[in-house]
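**Student:** Below is one structure. I have some questions about it.
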Amino acid sequence: MEHYCACPGSWPSVYKIDDTRLVIGNSCLDVESGRILWTSDVFSANPSAFFVANVYSPEEKMFYVKTGSFVQGWDFSDPSTPPTKAWETYVSGGGLVGSGVQYGDGKVFPGSYDPHQVALDARTGRVVWDTETKTPMVFSGSYYQGKFFREAPMTTLCIASMLTLAKFFGLSTLEPKMATSALVPPLLMEWCTSSTKMGISMLLT
């Protein structure tokens, strides 16, 4: 079964294809003039509602999108014409919000609301590996020097909660020495990771 969604999501992003072209939603525009070069009936750079970052790879000349539980690779070898879908792969734990895609060294890393991280072959969509994790793997993540990083949602929630509580207790950016994790309730601190404990100090200074 084919899955197409050419309608841009609520918050479409702009993606650079090369020095003369950019893609937003289902249209490609000339960088200098803003002229619409083409509009696709089947492709959209942002088919999901919001908080979903997809990715273009100039090395592969492919655009990777995630829509629901499906990751798609779109062939941009000729950016003067609308792309064609090269492959589509099912990844469990799909969602319409906050579950993006990242690229690195020939692999595509989709997010998932299930506790696992998958790597797909960027050219074929084949599953290269599928590793169980302790939490869902959402948002887009980052790839750097052979390592893929994706933050678990609980860490983000922890930092936001700690920041709110710290402000409630009277801490401010004008008091960096007081912006420490020591003032956060112990039960909340136990719930958070060590990296999150350090995060509140950085956020408040």
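The values are calculated or read from the model by the stated rules, or taken from the named source; none is laboratory data. Since the structure is predicted, the reported quantities are computational estimates derived from the model, not experimental observations. Note that each Cβ is placed from the backbone with ideal geometry, even for glycine, and that neighbours are counted across all protein chains shown.
**Student:** Quick test of your reading of the structure: LYS66 fulfils all but one of (1) at pLDDT 95 or above; (2) part of a strand (DSSP E or B); (3) surrounded by 19 or more Cβ atoms within 10 Å (Cβ to Cβ). Name the failing condition by number.
**Tutor:** Going through the list (1) at pLDDT 95 or above; (2) part of a strand (DSSP E or B); (3) surrounded by 19 or more Cβ atoms within 10 Å (Cβ to Cβ), LYS66 breaks only (1).
**Student:** Looking at SER92, SER44, SER33, SER77, can you tell me which residue is under 26 Å from GLN145 (Cα atoms), of a type in the set (S, T, N, Q) and not in a strand (DSSP E or B)?
**Tutor:** Checking each option against the conditions leaves just SER77.
**Student:** Name the single residue that is nearest to GLY94 (Cα to Cα) among those in segment 119-145 being touching a residue at least 60 places away in the same chain (Cβ under 8 Å) and not polar (S, T, N, Q).
**Tutor:** Looking at the filtered set, the residue picked out is PHE139.
**Student:** Would you confirm whether any residue within segment 87-94 is modelled with pLDDT under 90, out of contact with any Leu (no Cβ under 7 Å at 6 or more places or on another chain) and polar (S, T, N, Q)?
**Tutor:** Scanning segment 87-94, I find no residue that is modelled with pLDDT under 90, out of contact with any Leu (no Cβ under 7 Å at 6 or more places or on another chain) and polar (S, T, N, Q), so the answer is no.
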